[in-house]
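Working notes, beginning with the structure itself.
The values are calculated or read from the model by the stated rules, or taken from the named source; none is laboratory data. These numbers were taken from a predicted model, which means no experiment stands behind them. When we count neighbours, we look across all protein chains shown, and the Cβ atoms used for this are built from the backbone with ideal geometry, even at glycine.
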Amino acid sequence: MPVKQLRFRTLFILFTMALCSGKLIAQKTDKEIHVLLSPVKNGDDTVLRKAFTFTGNAKALALIPESLSVSIGEILQKYPVKEGKLLFGSLASVDQSAYQRFRRHILDSLAFEKMRKNFNIDTNLVSKTPINDNIFFYYAKLTDGKNLVVVDADMNKSFTGDSVYISSGLTNADTIQGQTLQQFITDIPLSNAEFYSGKLYKINTRVDINVRETIMPNRKDSISVLFQLKNGREGVIHFPGKDIMVYVKPTILLDKLKYDKFCDIRLVGSEDKTIHKIGDTVYINTEKYLLKEVSITGDEIVFIKLQNENASVRQFGSEIGQTAQDFDLPDGSNKNFNLEKNSRSRYILIDFWGTWCGPCLENLPKLREFYNTIKRNDSIELLGICVDDLTDKKDLLKKIAKLNIPWKNLLVDRNLSFSSATTIVNRYKISAFPTYILIGPDRTIISRDVGEKGLQTVLDKIPGRWRQ
């Protein structure tokens, strides 16, 4: 059967990947450690999910390269294809993909201008030259009732050499008088190019794909696909008799995935159990390092060795006796408070509270009395961490002011505080409000408790003559 006789449909997939692969090697010197990172295979660090529906576009169909037609012909010779659909879409971010489609004349000027306004596209931040951002996807029904999927994973505009996935699909009763066939394809390696800060970067990742075809009587079949990007990176630092694994996971900035400023870092096999950010101090094999940077595409992480103030092993965490995990949070004036920089030579009493919390408000008079006693004492500080609704920040700051709270308060979004293991609420295992944590001058957690009686218990642990 000539390929041209197949009924092709075109998919425009707008999702982002900002990854680059590396080798599991660490280069160590007396002053620095450079760790090369690779995508985590079979990892569960899914940080971005997007669902798309297949639609047709005649202009895009005309751009299908001949190499794809040839490779589809090879598939037709090998497999009993009843009906096939060629789909493709952009792996780039929304702004880059829209601009590339405009340059290829798939989008006219009016359509691009509408997208530019809707997505706030800044054309100064996209590549003006063509980039290889399209991924091709062949979906077919076989004569035996099974489904076939091929993904151009290496993005060479050909399916030759790419893995073929065949599944009978799953029938679900989630449509009225119809059925939905699902096909799951897991852990597919993909490569792409993305444009950052005036440069093109090669990026690699792994992805899970769920293809769904809904069949309804007397209606056109509907096909959709869910892409789950697994963007975890890993590397290893070798020491005599001991390996320390380094895991890096990006966080999402709009629809872009970047590592250089927005990522979480874990060390497995080290005494340091904290989830870190760029700029944190970490302990690697009892030595103290500054977590200097992660490359923009996540292919390398750099640690700078610091003067070791104390070579003894410190266990980081949120429990009594552990070294308090570092954090960096903004106050009402958007000035950040960093625990590492502000905890030296002083005791810090942290109050996890919220304006919505009745018991928290009931304890305010006692906290106010404590603050008035220690406000001129440089060795003790009272710090509030207000976990609240930040939708209207000005309104929240007015509420705090009306409550007559003169001590520093850091703001945490209540709506997001439990959404990730990396938030301070989860890192410090806050399960009740108010929670009080007393940190010593060496960042050791001295006491922690909840409620009214808990506050008094924690206050009693502060040494010295501060009550006088």
Failed item in (1) buried (at least 17 other Cβ atoms within 10 Å of the Cβ); (2) modelled with pLDDT of 80 or more, with M245 passing the rest: (1)
Residue within the range 356-367 that is surrounded by fewer than 20 Cβ atoms within 10 Å (Cβ to Cβ) and either in contact with a strand residue (DSSP E or B) (Cβ under 6 Å, 6 or more places away or on another chain) or closer than 25 Å to Q322 by Cα (or both) present: no
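Polar (S, T, N, Q) and in contact with a Ser or Thr (Cβ under 7 Å, 6 or more places away or on another chain): does that describe T423?
Details: polar (S, T, N, Q): yes; in contact with a Ser or Thr (Cβ under 7 Å, 6 or more places away or on another chain): yes.
When the stated conditions are applied, T423 passes them.
Can you pull out every residue in the range 105-129 that is part of a loop (DSSP other than H, G, I, E, B), loosely packed, with under 14 Cβ neighbours inside 10 Å and at pLDDT 75 or above? Outline the logic, then answer.
The first filter runs over the range 105-129 and keeps only residues part of a loop (DSSP other than H, G, I, E, B), leaving 105-108, 119-122, 126-129.
With loosely packed, with under 14 Cβ neighbours inside 10 Å added as a condition, the list becomes 105, 108, 120, 122, 128-129.
Within the range 105-129, H105, D108, K128, T129 meet the criteria.
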Residue tally, condition touching a residue at least 24 places away in the same chain (Cβ under 8 Å) and in a loop (DSSP other than H, G, I, E, B), over the range 136-155: 6
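Listed residues K375, K402, K429, K398; which is among the basic types (K, R) and within 30 Å of K277 (Cα to Cα)? I'd like the intermediate steps shown before the answer.
Details: K375 fails: within 30 Å of K277 (Cα to Cα); K402 fails: within 30 Å of K277 (Cα to Cα); K398 fails: within 30 Å of K277 (Cα to Cα).
Answer to the check: K429.
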Selected residue (only one of I106, I121, I72 is in contact (Cβ under 8 Å) with a residue 12 or more places away in the chain, within 25 Å of the chain's Cα centre (by Cα) and in the same structural domain as E213 (by TED's automatic domain parsing)): I121
Test for N336: is it free of Cβ contacts under 8 Å to residues at least 12 places away in the same chain and in contact with an Asp or Glu (Cβ under 7 Å, 6 or more places away or on another chain): yes
